[in-house]
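Here's the structure we're looking at; comments come further down.
Taken together, the values in this text are just the output of simple stated rules run on the coordinates, not laboratory data. Here the structure is a predicted model, which is why all the values come from computation and not from measurement. Virtual Cβ from ideal backbone geometry, glycine too; neighbours counted across all protein chains shown.
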């Protein structure tokens with residue numbers, strides 16, 4: 001799962017509201033790669049289209065929690081949108097970082113959504129829908 | 001797309017491309033110029049199964065040397081389908097544009113998070129309720145009463161996640177009462193146009209494009 005996708009997700013239990021952004025807890029089992037970086041083609045135009053769709057506060061917070069370096073700044077300006085270095089930093093964070101093993105934890109109700117082989121399981125049990 | 005990475009065993013858990021899949025692919029081919037011109041940034045394929053439909057679309061856009069290929073999110077209730085579809089994307093050279101998650105339609109997606117285009121080849125076969133709850137491969141085709149249960153939930157949820165100027169491609173079959181589907185979308189403020197239909201054995205399949213009233217199409221008469 002890319003952070004681009006993570007940025008879209010929230011806790012969806014009926015008992016919970018405002019469960020966003022989900023906290024990423026990586027599986028620290030040493031036999032597994034919990035996180036990977038896969039370089040993909042950098043397309044500035046694509047990132048420019050994407051920017052208004054991102055919840056920036058959530059992205060910044062998640063990048064901080066994952067200690068992504070250099071990561072993304074706490075906010076950006078109109079000028080930044082044309083700055084290739086800025087766009088590159090966004091690309092690296094939202095497109096190239098993959099969460100492979102671990103869980104997504106709701107900041108509100110602590111519901112855990114497992115992530116296995118890069119695929120988060122957002123399904124609920126019958127009493128949660 | 002090439003599906004050599006999927007074996008007979010995989011098709012026990014993941015829907016094998018069939019007439020409906022091929023019709024969807026042909027419909028997208030017919031729409032390719034329109035899609036390329038619309039320059040979607042984010043595409044959602046709901047219930048991708050093996051992933052053929054969106055992977056094919058990305059390959060075609062790539063062949064046309066579209067500069068800015070969209071990113072595609074796959075949502076399926078069956079984790080094996082998500083795995084298979086992501087593999088299909090990787091094996092066909094477009095893996096870097098795909099991401100996937102296991103979920104029930106739009107439930108896990110935050111409100112107002114939008115996609116520029118949605119593709120949905122739904123479970124459309126009329127079936128008893130028990131089959132809908134079986135999970136696994138049955139979820140790929142079992143559509144409940146009139147084959148409409150998942151389609152109707154999709155119609156309720158999808159408009160909130162469609163970007164302005166975006167469109168939805170949805171497949172349905174005669175027994176799903178396509179006219180009713182178009183009416184339901186119309187109540188949500190959508191126009192529609194059939195892209196392609198085809199008879200396949202006892203089924204009469206169609207792929208229809210839906211878009212919001214007021215977004216560039218003159219042929220839409222909302223009052224009719």
(request) Can you pull the one-decimal nm distance between simple spin-label points at residue A:75 and residue B:184, each 7 Å off the Cα toward Cβ? (result) 4.4 nm
(request) Counting only DSSP beta bridges with both residues in chain B, tell me the antiparallel percent, nearest 5. (result) 45 percent
(request) State whether segment B:1-120 is rounded, prolate or oblate according to the following rule on the C-alpha gyration tensor (a ≥ b ≥ c being the square roots of its eigenvalues): a/c under 1.5 gives rounded; otherwise a/b larger than b/c gives prolate, and the remaining case gives oblate. (result) oblate
(message) For chain B, set up a GNM with springs between Cα atoms under 10 Å and report which of B:173, B:16, B:134 has the largest fluctuation.
(response) B:134
(message) Which of the three applies to segment A:1-78, rounded, prolate or oblate, going by the alpha-carbon gyration tensor with a ≥ b ≥ c and a/c under 1.5 meaning rounded?
(response) oblate
(message) Counting only helical runs of four or more DSSP H residues, what would the 222 nm mean residue ellipticity of the protein assembly as shown come to if each run contributes -39,500 (n - 2.57) and the total is spread over all its residues?
(response) -7500 deg cm²/dmol
(request) Counting only C-alpha contacts under 8 Å and six or more residues apart, can you give the relative contact order of chain A as a whole percent? (result) 38 percent
(message) Modelling each spin label as a point 7 Å along the Cα-to-Cβ direction, I'd like the residue B:157/residue A:25 distance in nm, to one decimal.
(response) 2.6 nm
(message) If a paramagnetic tag sat 7 Å from the Cα of residue B:33 along the Cα-Cβ line, which residues of segment B:47-70 would have the backbone N under 20 Å from that point?
(response) B:57-68
(request) Can you tell me the FRET efficiency between residue A:108 and residue B:133 if r is taken as the Cβ-Cβ distance and R0 is 35 Å, rounded to the nearest 0.05? (result) 0.75
